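**Student:** Shown below is the structure under consideration.
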Amino acid sequence: MSTSLSKLHRKLLERTTAGARSLTESACKAALESLAVHERKARAHMDREQRALRARLRTRGRALGDARDARTGAMDVRYLVELAAYEHWHRLLFTRFLAENNLLTTEEASVALPGVFRTGDPVLDLPLTTSDQVELRELLGTLPPECFRADDALGWAYQFWQSKRKEEVNRSGKKIGASELSPVTQLFTEDYMMEFLLHNTLGAWWAGKLGPFQASDEAEARALAALAPRDGVAGISWSYLRFVQNETTKTWLPAAGTFDGWPRAASEIRLLDPCMGSGHFLVFALPLLVRLRMEEEGISAQAAVVFVLRENMFWLEFDERCTQIAAFNVALTAWKLAGYQALPRPNLACSGLAPSATEAEWVALAGDGGATKAGIANLYRMFKDAPVLGSLINPRAEIGGLHEAGYQKLARSEGDGAELAFVAQGLTRAAELLAGQYTLVITNVPFLRRGSQCDELRAYIDELYCEGRADLATAFLQRCIAFLAAGGTSALVSQQHFLYLSSYKDLRVSILSRNTVNLVVRLGPGAFETISGENVSVALTCISRIEPTSDMAIAYADAQSAKGSRSKNLEDWLRDELFEQHATLFQDLVGRRWNDVHLTLARKRSSRG
């Protein structure tokens, strides 16, 4: 059973996080200035260790995008300050999360987590004054234990960390580019949305293997698919899994279908969140996959956790800070689930990293190796605009020429070379994940209308995702389908405009003519009740990469008539509302071009079973 922050604790966390960002950025800026990181030369009184740290920090800053004045040698440290502040505060925050969940084995545990803090990152060596450290610890101490035990606490912590920057960007009215995308497009996903999508994909697949069910009603069918608690892992009731009954046989099957194109064993399912944010979807998916593998393979909870992290779950995010918080979030969930143990390095990459040098400087690091040079050059071109493209990048046709031996040589470099070698390794991993194919791609896509996008982002979308170009959300809808292996499914929280606006007609025809639409739920505006001021009209969709057939049926429901407290009503509504096939859902919207698609939609109740 998942737990969420109360409104009182959420407000307290928001206020504390805002104060922590202000205080930590001030402390880190002062520490950087005391080391003369922003100045052309080291100061005469600085010792050898200080000079070495200063050089490493300047290299790190340039990699982040901090500019150096060619004439004076002075350096802007804005991005370095932001990163240092984030990492110093979150190292403290993560340690408190471990302590409050009885998982703190050593004071250094939070910095030793695989995939969380970068080994040897100089920003963590930046010495803050004793008074600043004391003030930060006192600020952290104002938060009660409840703020560290809720399953959504880490997600809210990052959302609140970005709040000030988001307000600044929105007030500026400027086009959204690399430094603005993260705070503007990240929207914390409500728990009920994630559970509904996971239950009607993973849960429907599981129920499909067990069914069809002879049951008196939908509730009994759901109970027959449930999994009991085992080995300390909670059972799964699939509370949001929806069923429909065949009128002839009177048997019940999942409304979204049985996902017969998926692998038959849970061990072979590859789940990707390409816009993972704080890892919220992964936190909810991990216990489900663990329990399914325990059931099928007869293994312990601890073994299942390791196998799921190593074989089933894959993560991408263009914001490097989110990759850290997600890695910690998933590790914390794994330890709560099955006890403290060593965890495998996650299948995680930052898709927003970019080379921080010219192409010539980048390729020069490869030395004399022809194949390595070609691979490094290819990697440079692929990711040069990554900070604004992120997981939209599709390298499947381009990847090649760079392999592990290529960057092992670079890893022995020093100074700028060592920094670029580290980035090369990260980009290689990102390219591998971006080129992969997956069983289930599940995420809350970023929302950003075309008029607000920077030129680089618009141009890339026009080239690769032109049918969904009116919004970043629909471009990502196309990208998520492209991620799928044959038979795989995308399950998305997205804008619902693509279901009816004329500007998306070509997109609708493209989706329907090449894929099977399993599920459409229109939630409408107000679905994100806990986030004020968001004018977002939401749909939940499941679309599978399977050629459509003449008897394809779409489970459809429209929640826009729900009254009162939207989020609370929607949670109950998604559990209780009758799911039926709306026979004219796409036929009415596509209009005269519908005949070109050659699809006949039949009522779900009479066609499945």
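**Student:** For Arg15, what charge total do you get from the other residues with a beta carbon under 14 Å from its beta carbon, if Lys and Arg give +1 and Asp and Glu give -1?
**Tutor:** Taking every other residue near Arg15 into account, the sum is +4.
**Student:** If each of Glu138 and Asp572 carries a label point 7 Å out from its Cα toward its Cβ, how far apart are those two points in nm?
**Tutor:** Result for the modelled spin labels: 4.7 nm.
**Student:** Given Lys166/Lys336; Lys166/Lys505; Lys209/Lys250, which pairs have Cα atoms separated by over 21 Å?
**Tutor:** From Lys166/Lys336; Lys166/Lys505; Lys209/Lys250, over 21 Å: Lys166/Lys336; Lys166/Lys505.
**Student:** Right, something else. So how do Ser452, Ser131, Ser278 line up by other beta-carbon neighbours within 10 Å, fewest first?
**Tutor:** Ser131, Ser452, Ser278
**Student:** Fewest to most neighbouring Cβ within 10 Å: what's the order for Leu83, Leu98?
**Tutor:** Fewest-to-most ranking of Leu83, Leu98: Leu83, Leu98.
**Student:** Extending each Cα 7 Å along its Cβ direction at Arg381 and Glu296, get the distance between those two points in nm, one decimal.
**Tutor:** Here the modelled spin labels are 4.0 nm apart.
**Student:** Please report how far the C-alpha centroid of region 6-65 lies from that of region 261-315, rounded to the nearest whole angstrom.
**Tutor:** Rounded to whole Å, the Cα centres lie 37 Å apart.
**Student:** For region 7-161, give the magnitude of the charge dipole about the Cα centre (Cβ charges: +1 Lys/Arg, -1 Asp/Glu; no others), in debye to the nearest 20.
**Tutor:** 600 debye
**Student:** Which of the GluC sites (Glu not before Pro) across region 1-89 are loop residues per DSSP, with 15 or fewer other Cβ within 10 Å?
**Tutor:** Qualifying residues, ordered by number: Glu39.
**Student:** Ok, one more. Along the positive direction of the dipole of region 7-161 (beta-carbon charges: Lys, Arg +1; Asp, Glu -1; about the Cα centre), which of Ala85, Ser131, Ala150 reaches farthest?
**Tutor:** Towards the positive end, the residue furthest out is Ala85.
**Student:** Just rank Ile543, Ile299, fewest to most, by other beta-carbon atoms within 10 angstrom.
**Tutor:** Ascending Cβ contact count within 10 Å gives the list Ile299, Ile543.
**Student:** A further question on this structure: D for region 7-161, whole µm²/s, Stokes-Einstein with Kirkwood Rh over alpha-carbon pairs at 37 °C and 0.692 mPa s: what number?
**Tutor:** 196 µm²/s
Computed from the coordinates by the stated procedures, all read-outs in this text should not be read as laboratory data. Treat the numbers as computed from the prediction; the structure is a model and nothing was measured. Here the Cβ is made from the backbone with ideal geometry for all residues, glycine too, and neighbour counts use every protein chain on show.
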